[in-house]
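The values are calculated or read from the model by the stated rules, or taken from the named source; none is laboratory data. Because the structure is predicted, anything quoted here is derived from the model rather than measured. All Cβ positions, glycine included, derive from the backbone under ideal geometry; neighbour counts span all protein chains shown. Surface accessibility is based on the protein's heavy atoms, side chains included, excluding ligands, DNA and RNA. Shrake-Rupley method; radii C 1.70, N 1.55, O 1.52, S 1.80 Å.
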Amino acid sequence: MIVVIKPHTPREAIEEVMREVQRLGYEPRPIFGVEQTVIAAIGDERTHHTLESLRAMPQVENVMRVQKRFKLVSRESHEADSVVNVDGLLIGGENFTMMAGPCSVESEEQLLSTARAVKAAGATVLRGGAYKPRTSPYEFQGLGKEGLRLLQLAKKETGLKIITEVLSERDVEHVAAAADILQIGARNAQNFQLLIEAARSRKAILLKRGMSQRIEEWLLAAEYILSEGNPNVFLCERGIRTFETYTRNTLDLAAVAIAKKESHLPVIVDPSQGCGRADLVRMLCKGAVAMGADGLLIEVHPNPAEALSDGQQQVDFGGFEQLTKELRPLLAAVGKKA
Ligand code: PEP
Ligand code: MN
């Protein structure tokens, strides 16, 4: 860390800061300038006490970090792309993974017909919310345990892996028993107790970016899971809230490229929550591939007009088939195996 001392500070006051730096476990190396002095504090910022509290000393002007705050998720700690093995399905690296299915599990017929359609078009993971985080308590909240049962039925028939959202610590155990991948939603992106509990289930976890979460905060949330000893994490960009109203959220495709640079974890893009418009999903998928995404999470419904949640952004079977077809040459161009 770098501690900047205010101009014209007397020598003893500088030494007082150096003693404090030492007391907190760092080696102070002062650089005396004509007007101003800075102290380089040598030590690992991620394992030592932060020096930010030194700002409280009147002679300290600023304290700056040198190292990043995340460790296990960083590219520096693991240079190659992580490849996560979900019960035989490899996600990340040269693999491109299509996760698709309805926003919510609504009925056996709805889920099974969707599972068959997305599988035929090339998806390997079936999505479907059994527990739904709805803005209003009067909206459809999901089928709960019955939804999990239907997801398992679909898995049994099609062999697709299952991804479904876990909303609370209370549900981790039984959702993990039914799912291959736990989805942590945008509204829970910084629910650290839930992240820890989900990590302990040992299941792979898809971590959505929070609606107003900075990339650093998103990576630190993933760090919670890895630091619990669970390295099987996917980062998922799903749009952030901005001033724009043409779209439900603003899909931050730059964040995909940044996450890939900063971290070794696979990055999945959810264009459905990302824009909230079925007519844009196809184009955003192409953008995601171009930005280096490792997979997509797409909402597909047999009849979006009748969906119990997010109808406006779900594509129908034909739309999904068309988009997977259009992605094939792009995936080949970026060297990804579909
Ligand atoms: C969803 O995938 O249906 C969902 C609710 O996602 P998010 O948490 O990104 O809003
Ligand atoms: Mn949805």
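For the stretch 226-275, enumerate the residues that are under 18 Å from E76 (Cα atoms), part of a strand (DSSP E or B) and either within 14 Å of ligand 2 (Cβ to nearest atom) or hydrophobic (A, V, I, L, M, F, W, C) (or both).
Those that are under 18 Å from E76 (Cα atoms), part of a strand (DSSP E or B) and either within 14 Å of ligand 2 (Cβ to nearest atom) or hydrophobic (A, V, I, L, M, F, W, C) (or both): V233, F234, L235, V267.
Show me the strands (runs of 3 or more DSSP E) entirely contained within the stretch 1-100 in which 3 or more residues are over 24 Å from the mean Cα position of the chain (by Cα).
Filter on the stretch 1-100 gives 2-5, 27-32, 37-42, 60-64.
So, in the stretch 181-204, exactly how many residues are in a helix (DSSP H, G or I), within 15 Å of ligand 2 (Cβ to nearest atom) and not small (G, A, S)?
2
Are any residues in the stretch 92-108 within 16 Å of ligand 1 (Cβ to nearest atom), open to solvent by 10 Å² or more (accessible area, probe 1.4 Å) and in contact with a strand residue (DSSP E or B) (Cβ under 9 Å, 6 or more places away or on another chain), and if so, which ones?
Within the stretch 92-108, M98 is the sole residue that qualifies.
Considering A189, A177, which residue is open to solvent by 50 Å² or more (accessible area, probe 1.4 Å), hydrophobic (A, V, I, L, M, F, W, C) and without any contact (Cβ under 8 Å) to a residue 60 or more places away in the chain? Steps first, answer last, please.
Working: A189 fails: open to solvent by 50 Å² or more (accessible area, probe 1.4 Å).
Every option except A177 fails the conditions.
Checking G122 against (1) outside any loop (DSSP other than H, G, I, E, B); (2) open to solvent by 40 Å² or more (accessible area, probe 1.4 Å), only one condition comes out false. Which one?
(1)
May I ask you to list the residues in the stretch 288-316 that are over 17 Å from P271 (Cβ atoms), out of contact with any Phe, Trp or Tyr (no Cβ under 7 Å at 6 or more places or on another chain) and not small (G, A, S)?
Kept after step one, since they are over 17 Å from P271 (Cβ atoms), are these residues of the stretch 288-316: 302-303, 305-306, 308.
If we keep only those that are out of contact with any Phe, Trp or Tyr (no Cβ under 7 Å at 6 or more places or on another chain) as well, we get 303, 305-306.
Residues satisfying the conditions are N303, E306.
Within the stretch 62-78, which residues are closer than 25 Å to P10 by Cα and surrounded by 14 or more Cβ atoms within 10 Å (Cβ to Cβ)?
Passing the criteria: only V63.
Please state which one of E262, E299 is under 16 Å from L323 (Cα atoms), surrounded by 18 or more Cβ atoms within 10 Å (Cβ to Cβ) and in contact (Cβ under 8 Å) with a residue 12 or more places away in the chain.
That would be E299, the only listed residue that is under 16 Å from L323 (Cα atoms), surrounded by 18 or more Cβ atoms within 10 Å (Cβ to Cβ) and in contact (Cβ under 8 Å) with a residue 12 or more places away in the chain.
Of all residues being away from ligand 1 (no atom under 16 Å from the Cβ) and touching a residue at least 60 places away in the same chain (Cβ under 8 Å) in the stretch 302-324, which is nearest to T97 (Cα to Cα)? Just the residue, please.
Quick first cut of the stretch 302-324, residues away from ligand 1 (no atom under 16 Å from the Cβ) only: 302-303, 305-306, 316-319, 321-324.
With the extra rule that they be touching a residue at least 60 places away in the same chain (Cβ under 8 Å), the set shrinks to 302, 317, 321, 324.
Values: P302: 21, F317: 18, E321: 15, T324: 11 Å.
Among those residues, the one meeting the criterion is T324.
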